[in-house]
Amino acid sequence: MMEIYIIVEAWYRIIISFDFLIFFLIKALQYHEDYAEALASYERALELDSENEDARNNQDQLLSYLRTITDLIACKVCV
């Protein structure tokens with residue numbers, strides 16, 4: 001029984017580590033202004049885990065940022 005606990009705990013740590021890795025990868029894409037790839041990565045993360053609130057919130061924040069930038073550029077062009 002103890003062996004199963006150790007295996008489950010090991011898998012849990014791997015999954016948690018993977019989530020952090022994905023999070024930092026997507027943030028790196030955003031930092032390098034690869035927004036299309038960042039959005040695709042968030043979408044993929046949500047396909048794998050539709051209840052991932054962090055991915056959903058970060059995706060929403062990125063979309064909001066991109067809309068704001070697009071609006072600001074549009075306003076500057078109009079002036």
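Structure notes:
- Check on residue 4, surrounded by fewer than 11 Cβ atoms within 10 Å (Cβ to Cβ), modelled with pLDDT under 80, assigned to a helix (DSSP H, G or I) and among the β-branched types (Val, Ile, Thr): yes
- Leading residue by the ranking (surrounded by the most Cβ atoms within 10 Å (Cβ to Cβ)) among those in the range 55-79 that are closer than 19 Å to residue 21 by Cα and among the hydrophobic types (A, V, I, L, M, F, W, C): 55
- Output for the range 30-49, where each listed residue is among the aliphatic types (A, V, I, L, M), within 12 Å of residue 62 (Cα to Cα) and within 11 Å of the chain's Cα centre (by Cα): 38, 39, 40
- Every listed requirement among (1) more than 11 Å from the chain's Cα centre (by Cα); (2) surrounded by 12 or more Cβ atoms within 10 Å (Cβ to Cβ) is met by residue 52 save one, (1).
The values are calculated or read from the model by the stated rules, or taken from the named source; none is laboratory data. None of the values given here were measured: they were computed from a predicted structure. Positions of Cβ are backbone-derived with ideal geometry, glycine not excepted, and every protein chain shown enters the neighbour counts.
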